[in-house]
1. For segment 54-77, how many residues are over 10 Å from the mean Cα position of the chain (by Cα) and of a type in the set (Val, Ile, Thr)?
2. Within segment 53-75, work out how many residues are farther than 26 Å from residue 43 by Cα and either touching a residue at least 60 places away in the same chain (Cβ under 8 Å) or basic (Lys, Arg) (or both).
3. When you scan segment 73-101, how many residues do you find that are in a strand (DSSP E or B) and farther than 19 Å from residue 37 by Cβ?
4. State all residues of segment 76-101 that are closer than 13 Å to residue 44 by Cα and not aromatic (Phe, Trp, Tyr); if no residue qualifies, say none.
5. Output the residue which, of all residues in segment 32-46 that are under 11 Å from residue 78 (Cα atoms) and either of a type outside the set (A, V, I, L, M, F, W, C) or free of Cβ contacts under 8 Å to residues at least 24 places away in the same chain (or both), is surrounded by the most Cβ atoms within 10 Å (Cβ to Cβ).
6. I'd like to check something: does segment 53-70 contain any residue that is surrounded by fewer than 12 Cβ atoms within 10 Å (Cβ to Cβ), modelled with pLDDT of 75 or more and part of a helix (DSSP H, G or I)?
7. Within segment 42-101, work out how many residues are more than 22 Å from residue 31 (Cβ to Cβ) and touching a helix residue (DSSP H, G or I) at 6+ places or on another chain (Cβ under 8 Å).
Amino acid sequence: MKEFNPFHTDPVNQVGQVAQIKKDNVRFLGSKLMHRGHTCFSFDPVTEKIEIVLPEQQSVLTKEGKMAVKKSIVASKDKYYTFALNQKNAEKKFKRMIANA
């Protein structure tokens with residue numbers, strides 16, 4: 001027979017105790033498929049700089065029971081993001097975004 005220990009916490013119960021992340025400066029951009037060989041770029045309109053964004057990689061378990069790598073990008077609220085082959089093409093895309101906005 002198992003004894004009851006009130007100070008023992010299960011890992012399942014600890015998940016509910018994790019503090020929630022503030023979502024003020026994070027927004028969901030939607031899911032976009034990245035073309036092979038393309039890079040994600042961000043543009044900050046305040047500093048007018050274009051930077052390369054590296055995706056966060058997580059290992060996930062698929063429905064078939066296989067391991068796969070999931071890549072995601074955490075977006076900042078005050079930046080624009082696009083996928084491009086190189087920085088020159090990214091500049092053209094950001095110029096079109098700003099002109100159409």
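1. Adding up the residues that qualify gives 3.
2. 2
3. So the count comes out to 2.
4. Once the filter is applied, which keeps residues that are closer than 13 Å to residue 44 by Cα and not aromatic (Phe, Trp, Tyr), segment 76-101 yields 76, 77, 78, 79, 82, 90, 91, 95, 97, 98.
5. The extreme case among them is 42.
6. Filtering segment 53-70 for residues surrounded by fewer than 12 Cβ atoms within 10 Å (Cβ to Cβ) gives 54, 56-70.
Among the residues that remain, those that are also modelled with pLDDT of 75 or more are: 54, 56-70.
If we keep only those that are part of a helix (DSSP H, G or I) as well, we get none.
No, the conditions are met nowhere in segment 53-70.
7. Within segment 42-101, residues that are more than 22 Å from residue 31 (Cβ to Cβ) and touching a helix residue (DSSP H, G or I) at 6+ places or on another chain (Cβ under 8 Å) number 2.
The values are calculated or read from the model by the stated rules, or taken from the named source; none is laboratory data. Model, not experiment: these values are computed from the prediction. FYI the Cβ positions are ideal-geometry reconstructions off the backbone, even for glycines, and counts take in every protein chain you see.
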